[in-house]
1. I'd like the trypsin sites (Lys or Arg not before Pro) in the range 32-81 restricted to DSSP loop residues with at most 14 other Cβ atoms within 10 Å, sorted by number.
2. Using amide H atoms built 1.01 Å from N in the peptide plane, name the residues 5+ places from residue 20, or on other chains, whose amide H lies under 5 Å from its own.
3. Per-residue ellipticity at 222 nm for the chain, helices alone: DSSP H runs ≥ 4 residues times -39500 (n - 2.57), over residue total, nearest 500 deg cm²/dmol?
4. Would you mind telling me which residue in 114, 66, 53 has the biggest mean-square fluctuation in a Gaussian network model of the chain, where springs connect alpha carbons within a distance under 10 angstrom?
5. Given 37, 88, 76, which one lies farthest toward the positive end of the charge dipole of the range 1-99, if we put +1 on the Cβ of every Lys and Arg and -1 on the Cβ of every Asp and Glu?
6. Do any trypsin sites (Lys or Arg not before Pro) in the range 86-127 lie in a loop, going by DSSP, with at most 14 other beta-carbon atoms within 10 Å of their beta carbon, and if so which?
7. Quick one: which residues, 5+ away or cross-chain, put their amide H under 5 Å from the amide H of residue 105? H built at 1.01 Å from N.
8. Relative to the longest principal axis of the C-alpha atoms of the chain, give the angle of the C-alpha long axis of helix 64-76, reported between 0 and 90° and rounded to the nearest 10°.
Amino acid sequence: MTLPGEEDSATRAAGERVGRWVKEKYHLDAVLGVGGMAAVYRATHRNKKRFAIKVLHAEFAAHEDIRQRFVREGYVANSVEHAGAVAVLDDDIDEDGSAFLVMELLEGETVECICERSPRVPLRIVL
């Protein structure tokens, strides 16, 4: 568990990727979130279109079976037909061996931001 004010190694590694290019196409602009298996970045394609890029953590990317599951689960998400579901558009392996998914970038607020603003979230937002 990470104490307040501390960064774990995955968060640190994610931050170090910001500013880099993935496959010479996607510039990683900012970290959107870091989870147990991957980090998600806001990225800009060289054609100026924006995407979300989900990069599997290095310790998992070294295992072929985990990489395959990561990609498979990404595309299974495409079967969810909901406005809040993110579409996975592409997958690849970066030059450094990192498996990644290219996803549409959804704009909006996080649940945390909404809850900080109001302890009682309106039903229309919850739904």
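We did not get these values from a lab; they are worked out from the coordinates using the rules stated. Every value quoted in this text rests on a predicted model; they were computed, and no experiment measured them. Positions of Cβ are backbone-derived with ideal geometry, glycine not excepted, and every protein chain shown enters the neighbour counts.
1. 46, 48, 49
2. Long-range HN contacts for residue 20: 28.
3. My calculation for the chain gives -7500 deg cm²/dmol from helical runs alone.
4. Looking only at 114, 66, 53, the biggest GNM fluctuation is shown by 114.
5. Result: 88, furthest along the dipole toward the positive end.
6. Taking the range 86-127 and a limit of 14 other Cβ atoms within 10 Å, the loop trypsin sites (Lys or Arg not before Pro) found are 120.
7. Counting only residues 5 or more places away or on other chains, the set is 52.
8. 40
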